[in-house]
Amino acid sequence: MRHVKRYKELFEARTELTPEQIKWLDECTRFGNWTLNPQTGLVDVSGDFDCSSQNLTDFKGVRFGVVTEHFYCSRNKLTSLEGAPQEVGVDFNCSSNELTYLKDAPQEVGGDFDCSSNELTSLKDAPQKVGRGFYCFSNALTSLKDAPQEVDGDFDCSYNQLTSLKDAPQEVVVSFDCSFNKLTSLKDAPQEVRGSFYCSGNELTSLEGAPQKVERGFYCFSNPVSESVLQALYKKMQSGMSWPDAVVTEWDSIESGEDKAMLAPYNRTLSSDELKGYQALARLKRRSI
C-alpha cells in the first residue's frame, strides 16, 4: 500500500480518517506517499496528488497540509477550496470548477497557480507570489485587486470583465495576456514583459500605458482600431515617443477613415471642425460594433 501508516495505526493515533478517505488518498497519490499528522489532522503528500475529474464537491472531508509536487483538483464541482493544501511545491490547479472565491487556496506555490474557468469575481486570498505562472482566465473578474505581484512565468487574465489593469503585476518574466476584456487603455499594464504581450479583443482606442519593453510579440487584433495601425503606433512609442505624438506622426499614413475616427481625440493638430467630424464617424462605428 502506498500510504505510510496502516489503518490500525491511524486508528490508534485517534485520527478521524475513514476507510473511504484512506482508499481515496491511496488512489489519488502519485509517485510518492501520504502521511497523516495526528496532532494537526492534516494530510501531507510526498509526491503528486491528482483528484481531477471526479465530480467532487469537496475533498471528502480530508484536510491537506503540504504537497511536495503537484496538486490537481480540476474539472470537478468544487464551490470551495476548504481543505486544500497550505503549501504546494510545484503546480496547483483548481481550474474548471464552480469556485466564486479563493478562500483556503494555498499561499505558497512553487510552480503554476491555475484557477481559470471558474466563476471568480475577485482574486482575494490568491497567493501573492508564485514560482511560475498565474492563470485566472475565463472567470468574471472586474478587477485585478489582490493579484500576485511577483510572477516568474505567464500572467493570463484574458476572457474576464476587466475595464482596468490596475493592480496587475508590474514585471512578468514570460507573457502577459489581457485579451478579450473591456479595456479602453493599457494604463497600469506591466512595463516590462520578457515574453509576449496580448491585448486583443478589447475596446482599445489608445495604447497609453503600454509596456515600455516587450521582448517578443505585441498582439492587438480585434480592437476598434486595426491591428496594423496599433502596431505601427506602438513601434513609435517604443522609440520613446508619447502616444499623442505617435498619432500625429503616423496620421497621414493611416488610410482607414474609421481608424482615424477612433484616433482623432489624440491628434492635437486637428481643428475643432475636423475633430467634430471624426467624432461623429466614431459614434457610428461604435454603434455597429
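The values are calculated or read from the model by the stated rules, or taken from the named source; none is laboratory data. Here the structure is a predicted model, which means the values were calculated and not measured. Neighbour counts run over all protein chains shown; Cβ positions are idealised from the backbone, glycine included.
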Search result, residues across segment 65-93 that are free of Cβ contacts under 8 Å to residues at least 40 places away in the same chain, in a loop (DSSP other than H, G, I, E, B), within 19 Å of E27 (Cβ to Cβ) and in contact with a strand residue (DSSP E or B) (Cβ under 9 Å, 6 or more places away or on another chain): T68, E69, C73, G83, A84
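From the list E69, E20, E12, which one is over 21 Å from D104 (Cα atoms) and either touching a Ser or Thr at 6+ places or on another chain (Cβ under 6 Å) or modelled with pLDDT of 95 or more (or both)? I'd like the intermediate steps shown before the answer.
Numbers: E69 fails: over 21 Å from D104 (Cα atoms); E12 fails: either touching a Ser or Thr at 6+ places or on another chain (Cβ under 6 Å) or modelled with pLDDT of 95 or more (or both).
Only one candidate passes the filter, namely E20.
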Which of the numbered conditions does S271 fail, given that it passes all the others? Conditions: (1) surrounded by 10 or more Cβ atoms within 10 Å (Cβ to Cβ); (2) out of contact with any Gly (no Cβ under 7 Å at 6 or more places or on another chain). (1)
Scan segment 126-167 residue by residue and report those that are part of a loop (DSSP other than H, G, I, E, B), of a type in the set (A, V, I, L, M, F, W, C) and closer than 19 Å to A105 by Cβ. A126, C136, F137, A140, L141, L144, A147, C157
For segment 64-120, what are the residues that are on the phi > 0 side of the Ramachandran plot and within 16 Å of the chain's Cα centre (by Cα)? S96, S117
Does any residue of segment 84-105 turn out to be within 24 Å of P19 (Cβ to Cβ), out of contact with any Gly (no Cβ under 7 Å at 6 or more places or on another chain) and not β-branched (V, I, T)? yes
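Scan segment 100-109 for residues that are buried (at least 21 other Cβ atoms within 10 Å of the Cβ) and in a loop (DSSP other than H, G, I, E, B) and jot them down. Explain how you work it out, then say what you get.
Of segment 100-109, the ones buried (at least 21 other Cβ atoms within 10 Å of the Cβ) are 102, 105-106, 109.
Residues satisfying the conditions are L102, A105, P106.
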With the structure loaded, tell me whether S185 is hydroxyl-bearing (S, T, Y), free of Cβ contacts under 8 Å to residues at least 60 places away in the same chain and over 22 Å from N118 (Cβ atoms) or whether it fails that test. yes
Close pairs from segment 102-121: first more than 14 Å from Q86 (Cβ to Cβ), partner part of a strand (DSSP E or B) and acidic (D, E), Cβ under 8 Å, at least 6 apart: S116/D156
Restricting to segment 223-266, count the residues that are surrounded by 14 or more Cβ atoms within 10 Å (Cβ to Cβ), among the polar types (S, T, N, Q) and not in a helix (DSSP H, G or I). 2
Would you mind telling me which numbered condition in (1) surrounded by fewer than 17 Cβ atoms within 10 Å (Cβ to Cβ); (2) farther than 28 Å from S175 by Cα; (3) modelled with pLDDT of 90 or more; (4) not charged (D, E, K, R) Q212 fails? (2)
Need pairs with beta-carbon distance below 8 Å; first residue farther than 14 Å from S228 by Cβ and within segment 249-260, second among the hydroxyl-bearing types (S, T, Y); sequence gap 6+ or separate chains. W251/T269
What residue, among those in segment 117-136 that are surrounded by fewer than 21 Cβ atoms within 10 Å (Cβ to Cβ) and either among the polar types (S, T, N, Q) or touching a Ser or Thr at 6+ places or on another chain (Cβ under 6 Å) (or both), is nearest to E192 (Cα to Cα)? Q128
